[in-house]
């Protein structure tokens, strides 16, 4: 069994959003988007179909205040981890450039 995606991240929703009406509106927007994507390329179609299958679960988790807050906390942690990875990668990439020196003579 695969681990499910974080629903805040799946909905491209800021984890600071905590009110159900705003979340419900975003869920309906994504539902329309995913329905349209089912006609797209194979990768988008798979993601859309998988996401549409989770609609009821997304609603149950995010409608409940306690599970919604837990989901938001997990989204924050995942976003922080992703930023750390990006920073680590950028530093590593910049380190490769650090050894390059100019060959121009100074006058």
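FYI, it's all coordinate maths here, none of it is from the lab. Remember, it's a predicted structure, so these values are computed and weren't measured experimentally. Every residue, glycine among them, receives a Cβ derived from its backbone with ideal geometry; neighbour counts consider all protein chains shown.
Here is how the numbers come out for the structure above:
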{"quantity": "Computed [θ] at 222 nm, helices only, for the chain once each DSSP H run of length n ≥ 4 contributes -39500 (n - 2.57)", "calculated": "-23500 deg cm²/dmol"}
{"quantity": "Crossing angle, helix 42-53 versus the chain [Cα axis fit, 0-90 degrees, rounded to tens]", "calculated": "40 degrees"}
{"quantity": "Angle in degrees between helix 65-97 and the longest Cα principal axis of the chain, rounded to the nearest 10", "calculated": "20 degrees"}
{"quantity": "Of 67, 87, 22, the one that fluctuates the most in a GNM where the chain has Cα springs shorter than 10 Å", "calculated": "87"}
{"quantity": "Nearest-0.05 FRET efficiency for residue 54 and residue 85, computed from C-beta distance (R0 25 Å)", "calculated": "0.50"}
{"quantity": "Cα-based shape type of the stretch 20-76, given that a ≥ b ≥ c are square roots of the gyration tensor eigenvalues and the cut on a/c is 1.5", "calculated": "prolate"}
{"quantity": "Coarse-grained scattering of the chain at q = 0.12, 0.13, 0.17, 0.18 Å⁻¹, given as base-10 log I(q)/I(0) from a Debye sum over alpha-carbon atoms", "calculated": "-0.55, -0.61, -0.87, -0.94"}
